[in-house]
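Reviewing the structure listed below.
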Amino acid sequence: MQELEIPEKPIEATEDDVRKVPWKTRLGWGAGGLADNYIMNSITPHILINPIYNLVFGLNPVLIGIALSIPRFLDALTDPLMGHFSDNTRTRWGRRRPYIVIGAVISAVLLPFLWMPPVQTERFMFIYLTVIATLLSLAYTVYVVPYTAMGFELTPDYDEKTRVLAWRMYIGLTGSLTLPWAYRAAQSDIFGGDAARGAVYISIVAAILIIITGVLPAVTGKEKVFAKSQSKIGFFKAIYESFTNRSFTILVIAYLVIIGGVFSSSNLPLYINIYYVYDGNRVAGAAMAGMIGSILALTSYISLPLITWVSVKTSKRIAMILGLGLGAVGTFSTWFTITPQWPYLQLVSMFIIGLGLQGCWLMVSTMTADVCDEEELKTGLRREGAYGSVISFTLKAAMAASAIMAGAILTLSGYDTELANITGQVDASVELRMRMLFVVFQGIPMLAAAIMFLFYPITRERAEETQRKLRERHKSDKKQENDSNGG
């Protein structure tokens, strides 16, 4: 078989191509955000896992948390390896494209099997959920790490990065609009009242969309290399050097704190609404959960251009701190707005949370892209895969820990699955603890992360100076190449 290689010479690009990304590339690469959203959230506890496995199958929430944490931890460990493979792969299709296609297709095939345990004993369901979730998580890694790295490569411009990477969020938010309604849709009469059966059919539709949108980045995305062709770098050296970067270390730790807080408390609003706001009415609670999710997503369409505008006018650091501050204010306000007297008042709080929080995910991506530029200036190497994989590792490790914490927090509130399923009610003291735990576990981490970003060192001026020096280096490298070729 003929060996597959990419040319030693990097793809040529004019200065205009480098700094301004075409709309076809923006939309095509951004479409992958929908596949990303669907795959990642398929094993997020509060979307369908907890409602189906706890409220339908009766599996203990602590066991659900453990079952979801195992694949997340294993998956997180493979992220740096995937980043390493992606950075060092040499095929005629590029470094990223083959993995993007393979990961999207395998994830889509696995998704419907989540809701089809052939035996519904506690032990078997625990093992089954662990195995299927692990396979799905690994397929997600194969997809998302190269996909993210490709986004970092699209442009070196400080502000254009933010504008381009935002398209992953804009299109991915379609998933955020629909997924919160998954549990309510699974309860529809068309499925005969069988929510587990409904989840299977919903997943088949999602799988089709994952394949379509997941493959598009491989078709339209550009793998431009602006530095000279580079040699392969050792895995452990790559990871070590990533964590010796002070800017990146602050970014990773703050991201870990945000994700840990948000996802560990993500189960609570559904349970608070079912038992506190709607007095045990699961259908009404599921409908409110759907509205909350939709409000968060719709608000994000305001948040993304807002935080982009703030970033362009000031800096990414200030935009991140503002977003986290708004998210914390919204979270603390839920103590007063989640109330049985005015159920819809809580949507005001969710609007404020969405206004601040969604933009933070964008800032994490665009800040990581700036770190990659500084890495090239320092070492001459482009390692988007390595840095992107560490961010992905952080996300999944935090989600793994949060899966355990989510079940533990629910138990800490005094919630008893068996008793709640029999009576349809929980004690008033349990409702109170649920509300308190939500405010504490989501609001305080946002404030802590905002404080950390006060010490983030990459300013607009520093990033632009990095780009100036890189352009000078590229021109010098090009001149040397032409001279050596006799041109």
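Every number here is computed from the coordinates shown, using simple stated rules; none is lab data. Since the model is a prediction, treat every value here as computed from it, not as a measurement. Glycine gets a Cβ as well: all are built from the backbone with ideal geometry, and neighbour counts include every protein chain shown.
Sorting 300-306, 370-376, 452-458 by average packing, meaning the other beta carbons within 10 Å per residue, from highest down gives 370-376, 300-306, 452-458.
Packing-based ranking of 167-178, 87-98 yields 167-178, 87-98, ordered from highest to lowest mean Cβ neighbour count within 10 Å. Taking a ≥ b ≥ c as the square roots of the Cα gyration tensor eigenvalues, the stretch 348-398 comes out oblate, since a/c reaches at least 1.5 and a/b does not exceed b/c.
Beyond 28 Å between alpha-carbons counts as too far, so tell me which of Lys20/Lys479; Lys24/Lys479; Lys396/Lys469; Lys378/Lys479 fall in that bin. Correct reply: Lys24/Lys479; Lys396/Lys469.
Listed peptides 311-322, 197-208 appear in the order 311-322, 197-208 once ranked by packing, highest mean of other Cβ atoms within 10 Å at the front.
Using 1/(1 + (r/R0)^6) with R0 = 60 angstrom and r between the beta carbons of Met116 and Gln480, what's the FRET efficiency to the nearest 0.05? For Met116 and Gln480, the calculated efficiency is 0.50. For the pair Val440 and Thr91, what calculated FRET efficiency results from E = 1/(1 + (r/R0)^6), where r is the Cβ-Cβ distance and R0 = 41 Å, to the nearest 0.05? My answer for the efficiency is 0.25.
What is the Cα centroid distance between the stretch 169-205 and the stretch 37-63, reported in whole angstrom? Centre-to-centre (Cα) distance: 13 Å. Charge tally around Trp115: other residues with Cβ under 12 Å, Lys/Arg +1 each, Asp/Glu -1 each, net 0. Remark on the chain: Rg and Dmax equal 22.8, 85 Å (Cα only). Using the Cβ-Cβ distance between Val131 and Arg473 with R0 = 41 Å, the FRET efficiency computed as 1/(1 + (r/R0)^6) comes to roughly 0.25. Using the Kyte-Doolittle scale, which helices in the chain average at least -0.5 and also have C-alpha atoms spread 24 Å or more along the helix axis, with helices defined as whole DSSP H runs? Taking the DSSP H segments of the chain (at least 24 Å long, mean hydropathy at least -0.5), we get 23-42, 61-88, 122-153, 158-178, 195-220, 246-264, 282-313, 316-337, 346-379, 384-412, 428-452.
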